[in-house]
Amino acid sequence: MKKFPYYCLVALMSVSSFAWTSDLSSAIKAKNDKYIELFNEGKAEQLSQMFTEDALYLNDGFSIIQGRKEIAKQLKMEMSAGPATITLKTVELKRDNRTATEVGVWEVTIKGEKSNEKILGNYLVVWQKQSNGQWLIYRDVINYSEKHQTL
C-alpha cells in the first residue's frame, strides 16, 4: 500500500509532461505558421522580430549572422532571389525549462516565369522562452539536402 502514492505521483508527472509537450508543440506550430506566412509574403523585417536580439543564424554558404538587424538584412537578401514559398515540417521537438530544440525539414519553391525550382533542406532551431512567455528563435541552423531524411 505504501507504493500507491508513488504510482500516483508518476502518473501525475506523466500527464503533466504530456500537457507540457503538447502546449509546446502548439506554440511552436503557431510560430512556424507565422514564420511561413512572413517568409512567403517577403516580410524580412517582421520575420527578424521572431528572433532574439542576440540570435545566431547559420545558413549553408554564408558566414554566421548575429543579431536581429543583421538577420533581417540576410533574410532580405535571400528573399531577393524572387517570389518563393516555404514549408516547414517538425521532425523532433524537445524542451527543458527555458529552451526547446526543434529539428525539421524545409522546402522552398522559387517561382520562375516558366517553371518552379524546389530546394530542400534540414534545420535545427533552438527556441528560447522569454520572460513574457513568448518563444523566440535563439539559434537557427539551416542546411541544404538533395532529399529529406528523417530520424
Does residue 105 qualify as being over 17 Å from residue 27 (Cβ atoms), under 15 Å from the mean Cα position of the chain (by Cα) and modelled with pLDDT under 95?
yes
Would you pick out the residues in the range 81-113 that are touching a Gly at 6+ places or on another chain (Cβ under 9 Å) and over 24 Å from residue 52 (Cβ atoms)?
82, 83, 84, 107, 110, 111, 112
Quick one: would you say residue 34 is assigned to a helix (DSSP H, G or I), among the basic types (Lys, Arg) and either more than 13 Å from the chain's Cα centre (by Cα) or under 27 Å from residue 23 (Cα atoms) (or both)?
yes
Among the residues of the range 91-101, is there at least one that is among the small types (Gly, Ala, Ser), under 22 Å from residue 37 (Cβ atoms) and surrounded by fewer than 14 Cβ atoms within 10 Å (Cβ to Cβ)?
no
I need a count of the residues in the range 55-82 that are in contact with a Phe, Trp or Tyr (Cβ under 8 Å, 6 or more places away or on another chain) and surrounded by fewer than 12 Cβ atoms within 10 Å (Cβ to Cβ).
2
Please verify whether residue 85 is open to solvent by less than 50 Å² (accessible area, probe 1.4 Å), of a type in the set (S, T, N, Q) and at pLDDT 95 or above, treating the condition exactly as stated.
no
What's the number of the only condition in (1) in contact with a Ser or Thr (Cβ under 9 Å, 6 or more places away or on another chain); (2) hydrophobic (A, V, I, L, M, F, W, C); (3) part of a strand (DSSP E or B) that residue 100 fails to meet?
(1)
Pick from the range 106-130 the residues that are not in a strand (DSSP E or B) and not small (Gly, Ala, Ser): which of them is least open to solvent (accessible area, probe 1.4 Å)?
130
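The values are calculated or read from the model by the stated rules, or taken from the named source; none is laboratory data. From a predicted model like this one, the values you see are computed outputs, not experimental measurements. Neighbour counts run over all protein chains shown; Cβ positions are idealised from the backbone, glycine included. What goes into the accessible areas is simple: the full protein's heavy atoms, side chains included, and nothing from ligands, DNA or RNA. Shrake-Rupley method; radii C 1.70, N 1.55, O 1.52, S 1.80 Å.
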